[in-house]
Amino acid sequence: VSYNRTADYQLKVTSGKISAAFSVSVVPTLTKIALTPGMESTQAGARQHFSARGLDQFQSPLLRQPTFVWSTTAGTINASGMWNAPTQPTTAKVQVASGTVSAALSVRVTTANASSDFQNPALAGLIHSYYADGSITRPDMIQILRSAGIDGRVDTTELNDLRNLVNQATKYKIPDDVRVLASDVVNGNLANATYQGRPAGNLSVGATAAQLNLLIDKWFYGTDRPTLTGAGLTYQVASGNLFSQSPSHLDQKQGALGDCYFISTLGIIASKSPDVIRNMFIDNRDGTFTVRFFSGVYGAFANSDGGFSDGFRSGTAKADYVTVDRWLPAQAGRFAYANAGAMLNSSANSLWLALAEKAYAQWNATGKSGR
(Lines give C-alpha, C1' and ligand atoms only; values in the text may rest on other atoms or scores of the structure.)
Protein backbone atom coordinates (compact mmCIF):
# COMPACT_ATOMS: atom_id res chain seq x y z
CA VAL A 1 0.00 0.00 0.00
CA SER A 2 1.32 3.44 -0.94
CA TYR A 3 0.02 6.51 0.88
CA ASN A 4 0.01 10.09 -0.40
CA ARG A 5 -1.06 11.97 2.73
CA THR A 6 -1.31 11.62 6.50
CA ALA A 7 -4.71 10.29 7.52
CA ASP A 8 -6.55 7.36 9.12
CA TYR A 9 -7.12 4.64 6.54
CA GLN A 10 -9.51 1.70 6.56
CA LEU A 11 -8.11 -1.26 4.62
CA LYS A 12 -9.84 -4.45 3.65
CA VAL A 13 -8.52 -7.72 2.22
CA THR A 14 -10.78 -10.35 0.72
CA SER A 15 -10.37 -13.93 -0.48
CA GLY A 16 -13.58 -15.44 -1.78
CA LYS A 17 -16.23 -14.93 0.88
CA ILE A 18 -13.71 -14.31 3.65
CA SER A 19 -12.50 -10.82 4.42
CA ALA A 20 -10.70 -8.91 7.11
CA ALA A 21 -10.59 -5.18 7.78
CA PHE A 22 -8.10 -3.15 9.73
CA SER A 23 -7.10 0.45 10.34
CA VAL A 24 -3.84 2.19 9.58
CA SER A 25 -2.89 5.62 10.86
CA VAL A 26 -0.26 7.44 8.82
CA VAL A 27 1.04 10.07 11.23
CA PRO A 28 2.89 13.22 10.15
CA THR A 29 6.65 13.26 10.57
CA LEU A 30 8.84 16.33 10.13
CA THR A 31 11.11 15.55 7.17
CA LYS A 32 11.87 18.94 5.67
CA ILE A 33 11.86 22.63 6.53
CA ALA A 34 10.85 25.14 3.87
CA LEU A 35 12.82 28.35 4.40
CA THR A 36 11.51 31.53 2.78
CA PRO A 37 12.24 33.84 1.15
CA GLY A 38 14.91 32.21 -1.00
CA MET A 39 16.88 35.41 -1.44
CA GLU A 40 20.39 35.43 -2.91
CA SER A 41 21.61 38.90 -1.97
CA THR A 42 20.80 41.95 0.10
CA GLN A 43 22.38 45.24 1.04
CA ALA A 44 24.57 45.80 4.07
CA GLY A 45 22.57 46.80 7.13
CA ALA A 46 19.23 45.65 5.68
CA ARG A 47 16.66 43.77 7.75
CA GLN A 48 14.85 40.66 6.59
CA HIS A 49 12.26 38.42 8.22
CA PHE A 50 12.70 34.75 7.33
CA SER A 51 9.90 32.24 7.74
CA ALA A 52 10.10 28.50 8.30
CA ARG A 53 7.43 25.89 7.67
CA GLY A 54 7.78 22.25 8.62
CA LEU A 55 6.75 19.72 5.96
CA ASP A 56 5.73 16.12 6.51
CA GLN A 57 6.86 13.04 4.60
CA PHE A 58 4.46 13.95 1.79
CA GLN A 59 5.78 17.52 1.50
CA SER A 60 2.62 18.97 3.03
CA PRO A 61 2.73 21.60 5.82
CA LEU A 62 2.42 20.12 9.30
CA LEU A 63 -0.84 21.06 11.00
CA ARG A 64 1.12 21.68 14.20
CA GLN A 65 4.35 23.44 13.41
CA PRO A 66 7.43 22.57 15.50
CA THR A 67 9.62 25.00 17.42
CA PHE A 68 12.44 26.38 15.24
CA VAL A 69 15.92 27.50 16.26
CA TRP A 70 17.54 30.21 14.12
CA SER A 71 21.25 30.95 13.62
CA THR A 72 23.46 32.99 11.29
CA THR A 73 27.16 33.27 10.53
CA ALA A 74 27.03 37.04 10.00
CA GLY A 75 24.79 39.73 11.45
CA THR A 76 22.19 38.78 14.04
CA ILE A 77 18.92 36.86 13.98
CA ASN A 78 16.28 36.56 16.70
CA ALA A 79 13.99 33.72 17.75
CA SER A 80 11.26 34.76 15.29
CA GLY A 81 13.58 34.77 12.25
CA MET A 82 14.21 38.53 12.01
CA TRP A 83 17.71 38.90 10.55
CA ASN A 84 19.85 42.02 10.70
CA ALA A 85 22.39 41.86 7.89
CA PRO A 86 25.98 42.77 8.75
CA THR A 87 27.10 46.33 7.98
CA GLN A 88 29.99 45.17 5.79
CA PRO A 89 29.93 43.15 2.55
CA THR A 90 30.28 39.39 3.10
CA THR A 91 28.45 36.11 2.54
CA ALA A 92 26.18 35.08 5.39
CA LYS A 93 24.61 31.72 6.11
CA VAL A 94 21.14 31.75 7.64
CA GLN A 95 20.01 28.46 9.15
CA VAL A 96 16.86 27.17 10.84
CA ALA A 97 16.57 23.82 12.61
CA SER A 98 14.14 21.66 14.54
CA GLY A 99 15.79 18.65 16.08
CA THR A 100 17.91 16.93 13.41
CA VAL A 101 16.05 18.56 10.51
CA SER A 102 17.42 21.84 9.18
CA ALA A 103 17.47 24.20 6.21
CA ALA A 104 19.94 26.90 5.26
CA LEU A 105 20.69 29.46 2.59
CA SER A 106 23.60 31.71 1.71
CA VAL A 107 23.00 35.41 1.28
CA ARG A 108 25.51 37.69 -0.42
CA VAL A 109 25.68 41.01 1.44
CA THR A 110 26.62 43.91 -0.82
CA THR A 111 27.38 47.58 -0.26
CA ALA A 112 24.22 49.58 0.27
CA ASN A 113 23.15 51.46 -2.86
CA ALA A 114 19.56 52.68 -2.86
CA SER A 115 17.88 52.61 -6.26
CA SER A 116 16.53 55.79 -7.75
CA ASP A 117 13.12 54.07 -7.88
CA PHE A 118 12.75 54.07 -4.10
CA GLN A 119 13.41 56.53 -1.29
CA ASN A 120 13.85 54.22 1.71
CA PRO A 121 17.33 52.61 1.56
CA ALA A 122 16.40 49.47 3.53
CA LEU A 123 13.26 48.91 1.48
CA ALA A 124 15.13 49.58 -1.76
CA GLY A 125 17.78 47.04 -0.81
CA LEU A 126 15.17 44.44 0.03
CA ILE A 127 13.27 44.97 -3.23
CA HIS A 128 16.38 44.66 -5.33
CA SER A 129 17.58 41.58 -3.46
CA TYR A 130 14.30 39.85 -4.28
CA TYR A 131 14.45 41.06 -7.86
CA ALA A 132 17.90 39.52 -8.29
CA ASP A 133 16.28 36.42 -9.81
CA GLY A 134 14.31 38.52 -12.31
CA SER A 135 10.88 38.78 -10.69
CA ILE A 136 8.99 39.69 -7.52
CA THR A 137 6.95 36.63 -6.51
CA ARG A 138 4.09 36.27 -4.05
CA PRO A 139 6.36 35.29 -1.09
CA ASP A 140 8.72 38.14 -2.06
CA MET A 141 5.89 40.69 -2.06
CA ILE A 142 4.55 39.52 1.29
CA GLN A 143 7.98 39.95 2.89
CA ILE A 144 8.48 43.36 1.25
CA LEU A 145 5.11 44.56 2.53
CA ARG A 146 5.72 43.27 6.05
CA SER A 147 9.16 44.92 6.17
CA ALA A 148 7.55 48.37 6.05
CA GLY A 149 6.13 47.79 9.51
CA ILE A 150 9.27 46.49 11.19
CA ASP A 151 9.69 49.65 13.27
CA GLY A 152 6.01 49.64 14.28
CA ARG A 153 4.73 52.29 11.85
CA VAL A 154 4.48 52.89 8.11
CA ASP A 155 6.13 56.21 7.29
CA THR A 156 5.74 58.40 4.20
CA THR A 157 8.71 57.06 2.25
CA GLU A 158 7.76 53.44 2.95
CA LEU A 159 4.19 53.90 1.78
CA ASN A 160 5.31 55.82 -1.32
CA ASP A 161 7.87 53.11 -2.14
CA LEU A 162 5.32 50.32 -1.79
CA ARG A 163 2.88 52.13 -4.05
CA ASN A 164 5.66 52.85 -6.53
CA LEU A 165 6.59 49.17 -6.61
CA VAL A 166 3.00 48.18 -7.39
CA ASN A 167 2.80 50.83 -10.09
CA GLN A 168 5.94 49.41 -11.70
CA ALA A 169 4.71 45.82 -11.72
CA THR A 170 5.73 45.31 -15.34
CA LYS A 171 9.29 46.46 -14.73
CA TYR A 172 9.71 44.21 -11.70
CA LYS A 173 7.94 41.23 -13.31
CA ILE A 174 5.23 41.03 -10.65
CA PRO A 175 2.49 38.48 -11.50
CA ASP A 176 -0.92 40.03 -12.08
CA ASP A 177 -2.56 38.40 -9.06
CA VAL A 178 0.27 39.55 -6.78
CA ARG A 179 0.07 43.08 -8.18
CA VAL A 180 -3.69 43.30 -7.60
CA LEU A 181 -3.55 41.90 -4.05
CA ALA A 182 -0.63 44.17 -3.13
CA SER A 183 -2.55 47.15 -4.54
CA ASP A 184 -5.50 46.25 -2.31
CA VAL A 185 -3.11 46.50 0.64
CA VAL A 186 -1.25 49.72 -0.20
CA ASN A 187 -3.67 51.64 -2.45
CA GLY A 188 -6.88 50.70 -0.67
CA ASN A 189 -10.09 48.82 -1.35
CA LEU A 190 -13.71 49.25 -0.30
CA ALA A 191 -13.46 45.89 1.49
CA ASN A 192 -10.78 47.28 3.81
CA ALA A 193 -13.45 49.11 5.80
CA THR A 194 -13.76 46.15 8.16
CA TYR A 195 -11.73 43.15 9.23
CA GLN A 196 -13.38 40.18 10.96
CA GLY A 197 -16.40 42.34 11.75
CA ARG A 198 -14.44 45.22 13.27
CA PRO A 199 -13.55 48.63 11.75
CA ALA A 200 -10.22 48.59 9.90
CA GLY A 201 -9.55 51.07 7.08
CA ASN A 202 -7.14 51.62 4.22
CA LEU A 203 -3.41 51.94 4.78
CA SER A 204 -2.16 55.48 5.33
CA VAL A 205 0.95 57.28 6.53
CA GLY A 206 1.45 56.52 10.22
CA ALA A 207 -0.55 53.29 10.11
CA THR A 208 0.55 50.72 12.67
CA ALA A 209 2.35 47.51 11.81
CA ALA A 210 -0.68 45.67 13.18
CA GLN A 211 -2.98 47.30 10.60
CA LEU A 212 -0.49 46.65 7.79
CA ASN A 213 -0.19 42.99 8.73
CA LEU A 214 -3.94 42.42 9.03
CA LEU A 215 -4.39 43.85 5.51
CA ILE A 216 -1.64 41.56 4.23
CA ASP A 217 -3.30 38.59 5.94
CA LYS A 218 -6.70 39.63 4.57
CA TRP A 219 -5.62 39.76 0.94
CA PHE A 220 -2.80 37.21 0.73
CA TYR A 221 -4.04 34.61 3.26
CA GLY A 222 -7.83 35.05 3.25
CA THR A 223 -8.11 35.50 7.02
CA ASP A 224 -11.07 37.93 6.83
CA ARG A 225 -13.70 35.24 6.39
CA PRO A 226 -17.31 36.17 5.48
CA THR A 227 -19.88 36.30 8.25
CA LEU A 228 -21.88 33.06 8.51
CA THR A 229 -25.67 33.15 8.37
CA GLY A 230 -27.64 30.63 10.41
CA ALA A 231 -27.47 29.21 13.91
CA GLY A 232 -24.92 26.54 14.73
CA LEU A 233 -22.59 27.27 11.81
CA THR A 234 -18.84 27.54 12.35
CA TYR A 235 -15.73 27.60 10.22
CA GLN A 236 -13.73 24.35 10.16
CA VAL A 237 -10.69 23.23 8.19
CA ALA A 238 -11.70 21.14 5.18
CA SER A 239 -9.70 18.16 3.94
CA GLY A 240 -9.48 17.11 0.32
CA ASN A 241 -8.04 18.49 -2.90
CA LEU A 242 -8.84 21.52 -4.99
CA PHE A 243 -9.96 19.13 -7.73
CA SER A 244 -10.45 15.43 -7.02
CA GLN A 245 -11.43 14.90 -10.66
CA SER A 246 -12.38 17.04 -13.65
CA PRO A 247 -14.79 19.81 -12.50
CA SER A 248 -18.38 19.16 -13.60
CA HIS A 249 -22.03 19.88 -12.76
CA LEU A 250 -21.96 16.75 -10.60
CA ASP A 251 -20.03 18.81 -8.03
CA GLN A 252 -23.09 21.05 -7.51
CA LYS A 253 -24.47 20.78 -3.98
CA GLN A 254 -25.86 24.16 -2.99
CA GLY A 255 -26.50 23.86 0.74
CA ALA A 256 -28.18 26.34 3.08
CA LEU A 257 -27.38 29.51 1.13
CA GLY A 258 -29.53 31.20 -1.53
CA ASP A 259 -26.94 31.42 -4.29
CA CYS A 260 -28.30 29.02 -6.91
CA TYR A 261 -27.49 31.64 -9.59
CA PHE A 262 -23.80 31.23 -8.71
CA ILE A 263 -23.64 27.47 -8.06
CA SER A 264 -25.56 26.51 -11.21
CA THR A 265 -23.57 28.86 -13.43
CA LEU A 266 -20.24 27.45 -12.27
CA GLY A 267 -21.59 23.91 -12.68
CA ILE A 268 -22.48 24.52 -16.33
CA ILE A 269 -19.14 26.19 -17.03
CA ALA A 270 -17.34 23.27 -15.36
CA SER A 271 -19.10 20.71 -17.55
CA LYS A 272 -18.63 22.65 -20.80
CA SER A 273 -15.18 24.15 -20.23
CA PRO A 274 -13.48 22.62 -17.17
CA ASP A 275 -10.21 24.44 -17.89
CA VAL A 276 -12.01 27.74 -17.33
CA ILE A 277 -12.76 26.59 -13.79
CA ARG A 278 -9.23 25.28 -13.26
CA ASN A 279 -7.81 28.62 -14.39
CA MET A 280 -9.88 30.46 -11.77
CA PHE A 281 -7.62 29.10 -9.06
CA ILE A 282 -4.00 29.45 -8.04
CA ASP A 283 -2.92 26.94 -5.38
CA ASN A 284 -0.46 28.85 -3.20
CA ARG A 285 0.77 25.60 -1.61
CA ASP A 286 0.32 26.97 1.89
CA GLY A 287 -3.32 26.08 2.51
CA THR A 288 -4.61 29.11 0.61
CA PHE A 289 -5.95 29.66 -2.90
CA THR A 290 -6.07 32.82 -4.98
CA VAL A 291 -9.35 33.03 -6.92
CA ARG A 292 -9.86 35.16 -10.04
CA PHE A 293 -13.02 37.03 -10.97
CA PHE A 294 -13.64 39.69 -13.61
CA SER A 295 -15.06 43.16 -13.04
CA GLY A 296 -16.47 45.61 -15.56
CA VAL A 297 -19.62 47.45 -16.59
CA TYR A 298 -22.49 44.98 -16.39
CA GLY A 299 -25.92 45.06 -17.99
CA ALA A 300 -28.29 43.63 -20.60
CA PHE A 301 -28.00 44.52 -24.28
CA ALA A 302 -29.69 43.59 -27.55
CA ASN A 303 -28.09 41.18 -30.01
CA SER A 304 -28.33 41.42 -33.81
CA ASP A 305 -30.63 38.37 -33.89
CA GLY A 306 -33.19 40.11 -31.69
CA GLY A 307 -32.19 38.31 -28.52
CA PHE A 308 -30.75 39.78 -25.35
CA SER A 309 -27.55 39.02 -23.48
CA ASP A 310 -26.48 39.75 -19.95
CA GLY A 311 -22.83 40.53 -19.27
CA PHE A 312 -20.26 43.27 -19.80
CA ARG A 313 -21.95 46.19 -21.55
CA SER A 314 -18.81 48.03 -22.55
CA GLY A 315 -15.06 47.94 -22.24
CA THR A 316 -12.90 44.98 -21.36
CA ALA A 317 -13.37 42.96 -18.22
CA LYS A 318 -10.56 43.40 -15.69
CA ALA A 319 -9.18 40.47 -13.71
CA ASP A 320 -9.54 40.84 -9.96
CA TYR A 321 -8.44 38.49 -7.19
CA VAL A 322 -9.15 37.43 -3.62
CA THR A 323 -7.54 34.75 -1.46
CA VAL A 324 -9.36 32.07 0.52
CA ASP A 325 -8.16 29.48 2.99
CA ARG A 326 -9.41 25.96 3.77
CA TRP A 327 -11.69 27.13 6.60
CA LEU A 328 -15.21 26.54 5.29
CA PRO A 329 -18.75 26.80 6.74
CA ALA A 330 -19.75 23.66 8.64
CA GLN A 331 -22.34 22.22 10.95
CA ALA A 332 -21.77 19.03 12.94
CA GLY A 333 -18.62 18.30 10.93
CA ARG A 334 -20.34 18.56 7.52
CA PHE A 335 -20.29 21.23 4.84
CA ALA A 336 -23.18 23.65 5.42
CA TYR A 337 -23.09 25.59 2.15
CA ALA A 338 -21.50 24.33 -1.10
CA ASN A 339 -20.59 20.61 -0.90
CA ALA A 340 -23.55 20.32 1.47
CA GLY A 341 -23.69 17.14 3.52
CA ALA A 342 -20.16 15.91 2.85
CA MET A 343 -17.84 15.39 5.82
CA LEU A 344 -15.20 18.08 6.10
CA ASN A 345 -12.52 15.60 7.18
CA SER A 346 -12.90 13.40 4.09
CA SER A 347 -9.79 13.22 1.91
CA ALA A 348 -12.08 12.60 -1.09
CA ASN A 349 -13.52 16.13 -1.03
CA SER A 350 -13.29 18.28 -4.15
CA LEU A 351 -13.09 21.80 -2.72
CA TRP A 352 -13.22 24.07 -5.74
CA LEU A 353 -16.92 24.96 -5.61
CA ALA A 354 -16.96 25.66 -1.86
CA LEU A 355 -13.82 27.79 -2.20
CA ALA A 356 -15.30 29.69 -5.16
CA GLU A 357 -18.49 30.36 -3.19
CA LYS A 358 -16.54 31.71 -0.24
CA ALA A 359 -14.30 33.76 -2.54
CA TYR A 360 -17.36 35.28 -4.23
CA ALA A 361 -18.72 36.39 -0.87
CA GLN A 362 -15.37 38.02 -0.09
CA TRP A 363 -15.17 39.63 -3.52
CA ASN A 364 -18.67 41.05 -3.12
CA ALA A 365 -17.32 43.23 -0.31
CA THR A 366 -15.14 45.05 -2.88
CA GLY A 367 -18.24 46.42 -4.62
CA LYS A 368 -17.08 44.99 -7.97
CA SER A 369 -19.44 42.02 -8.27
CA GLY A 370 -22.26 44.03 -9.83
CA ARG A 371 -24.76 42.62 -7.33
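Largest to smallest in accessible area, the residues TYR360, TYR298 fall in the order TYR298, TYR360 (1.4 Å probe, all protein chains included).
Where the accessible area of the chain is counted over protein heavy atoms with a 1.4 Å probe, how much of it, in %, is carbon and sulfur? Of the solvent-accessible surface of the chain, carbon and sulfur hold 52 percent. The H on the amide N of GLY75, modeled in the peptide plane, is under 5 Å from the matching H of no residue at least 5 residues off or on a different chain. A DSSP coil position with no more than 10 other Cβ atoms inside 10 Å describes the following trypsin sites (Lys or Arg not before Pro) in segment 1-60: LYS17. From the alpha carbon centroid of segment 307-371 to that of segment 151-168 is 32 Å. Each residue, GLN57 and ALA104, gets one label point 7 Å from its Cα in the Cβ direction; the gap between the two is 2.7 nm. Rolling a 1.4 Å probe across all protein chains gives SER129 an accessible area of roughly 10 Å². Per residue, the accessible area of the chain comes to 50 Å², computed with a 1.4 Å probe over protein heavy atoms only.
Determine the sum of side-chain charges near TYR261: Lys and Arg each +1, Asp and Glu each -1, restricted to other residues whose C-beta is under 15 angstrom from that of TYR261. Once all neighbours under 15 Å are counted, the net charge is -2. Less than 11 Å Cβ to Cβ from PRO226, Lys/Arg counted +1 and Asp/Glu -1: what total charge do the surrounding residues give? Result for the neighbourhood of PRO226: 0.
Dipole of the chain computed with +1 at Lys/Arg Cβ and -1 at Asp/Glu Cβ about the Cα centre; of ILE174, ALA79, GLY152, farthest Cα towards the positive end is ALA79. Each of ASP217, ASP161 has its accessible area taken with a 1.4 Å probe; listed largest first, they run ASP217, ASP161. Over 26 Å apart at the Cα level, from the set LYS318/LYS358; LYS272/LYS318; LYS12/LYS32; LYS218/LYS318; LYS253/LYS318; LYS253/LYS358, are LYS12/LYS32; LYS253/LYS318. Each other residue within a Cβ distance under 15 Å of GLN252 adds +1 if Lys or Arg and -1 if Asp or Glu, for a net charge of -1.
Note on the chain: with charges restricted to the Cβ of Lys and Arg (+1) and Asp and Glu (-1), its dipole about the Cα centre is near 600 debye. Per residue, the convex hull spanned by the Cα atoms of segment 267-371 measures out at 137 cubic angstrom.
Toward the positive end of the charge dipole of segment 236-348, with +1 on the Cβ of Lys and Arg and -1 on the Cβ of Asp and Glu, the farthest Cα among VAL324, ASN279, LEU266 is that of VAL324.
Classify segment 121-188 from the C-alpha gyration tensor, please: rounded if a/c falls under 1.5, else prolate or oblate depending on whether a/b exceeds b/c. Taking the square roots of the gyration eigenvalues as a ≥ b ≥ c, segment 121-188 is oblate.
Computed from backbone phi, the HN-Hα couplings of segment 43-55 come to 8, 4, x, 6, 10, 8, 9, 9, 10, 10, 9, x, 10 Hz, rounded to whole numbers (Karplus: 6.51 cos²θ - 1.76 cosθ + 1.60, θ = phi - 60°; Gly and Pro given as x).
The values are calculated or read from the model by the stated rules, or taken from the named source; none is laboratory data. In this text, all values refer to a predicted model and were calculated from it rather than measured experimentally. Quick reminder, even Gly has a Cβ in these numbers, built from the backbone with ideal geometry, and neighbours come from all protein chains shown. Quick note on the areas: whole protein, heavy atoms, side chains included, nothing else; ligands and nucleic acids left out. Shrake-Rupley method; radii C 1.70, N 1.55, O 1.52, S 1.80 Å.
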